[in-house]
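The values are calculated or read from the model by the stated rules, or taken from the named source; none is laboratory data. Just so it is clear, the model here is predicted, and its values are computed rather than measured. Using ideal geometry, Cβ is built from the backbone for each residue, glycine included, and neighbour counts are taken over all protein chains shown.
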Amino acid sequence: MANKELKIYTLDEAGLASLAQAVSDAPKAGGGGNGGGDGLDARLAKVEATIGHIQSDISEIKKDIRETRGDWKILMGAIATTFVLLAGAGAAAYMNLGDKLFKMNESLTVIIEKLQ
């Protein structure tokens, strides 16, 4: 980190009074010299209308989010149900295959015993 010099300027009473006078004589923002600017009422009405639209948009977004949460719950429930059904079908198929293999093994054992 580079060292930076801190410069301090001082004003005497006359310089401070001169600076205060320059600031007070400077034109105010927006013209007119009263600090309010030209067309303040019209600009304020526009800002209020914009804020009203923003509040309305936020309310709609909140409503959409609430509705979407419900949709997600239904979707997740459907996915979970599908997973359980597929797992059950897989287990049933595995057990059925196991039963068939066991029966085939018994049949082969009987045939082998008869051949001996």
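I'd like the full set of residues that are of a type in the set (S, T, Y) and either over 23 Å from the mean Cα position of the chain (by Cα) or surrounded by fewer than 10 Cβ atoms within 10 Å (Cβ to Cβ) (or both), limited to the stretch 57-89.
The initial filter retains those residues of the stretch 57-89 that are of a type in the set (S, T, Y), namely 59, 68, 81-82.
Those that are of a type in the set (S, T, Y) and either over 23 Å from the mean Cα position of the chain (by Cα) or surrounded by fewer than 10 Cβ atoms within 10 Å (Cβ to Cβ) (or both): T81, T82.
Are any residues in the stretch 24-60 among the polar types (S, T, N, Q), modelled with pLDDT under 85 and not in a loop (DSSP other than H, G, I, E, B), and if so, which ones?
S24
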